[in-house]
Amino acid sequence: MLAVAMFALPFVAYRNPPPPFLGSWSGEITMWIQISLILIVKTVATVGGRTSAGSLRALNELAQTLSAAGRAMGPVAAGGLFSVASGKGRMGG
């Protein structure tokens, strides 16, 4: 199921302008429905297949570690980008 979800992701409808091969499967509502269904299938395929407590514990530990790493590196990256942007005079909207 995970392979099906990953294969389907590039074929999600676009908002504007619709590509010719999608036909009536374009528009914002259809796009959000397709993204939601693909994410549900991906989540079920990833977590649903691991029924042992050890596998779920390891998956949770990995998720917590990656989340902590992202939270630690996020401000550093944002500060670096701010410094580069202010040095080059590219601040403002």
Would you mind ranking Thr30, Thr46 by Cβ crowding within 10 Å, fewest neighbours first? Thr46, Thr30
FRET E, pair Thr43, Ala77, Förster distance 30 Å, beta-carbon r, rounded to 0.05: 0.65
Cα Rg over Rh - segment 52-93, Kirkwood: 1.38
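Values in this text are rule-based calculations from the coordinates and carry no lab data. It should be emphasised that the depicted structure is a prediction, and the values quoted were computed from it without experimental measurement. Counting neighbours? That spans all protein chains shown, and the Cβs are built from the backbone with ideal geometry, glycine included.
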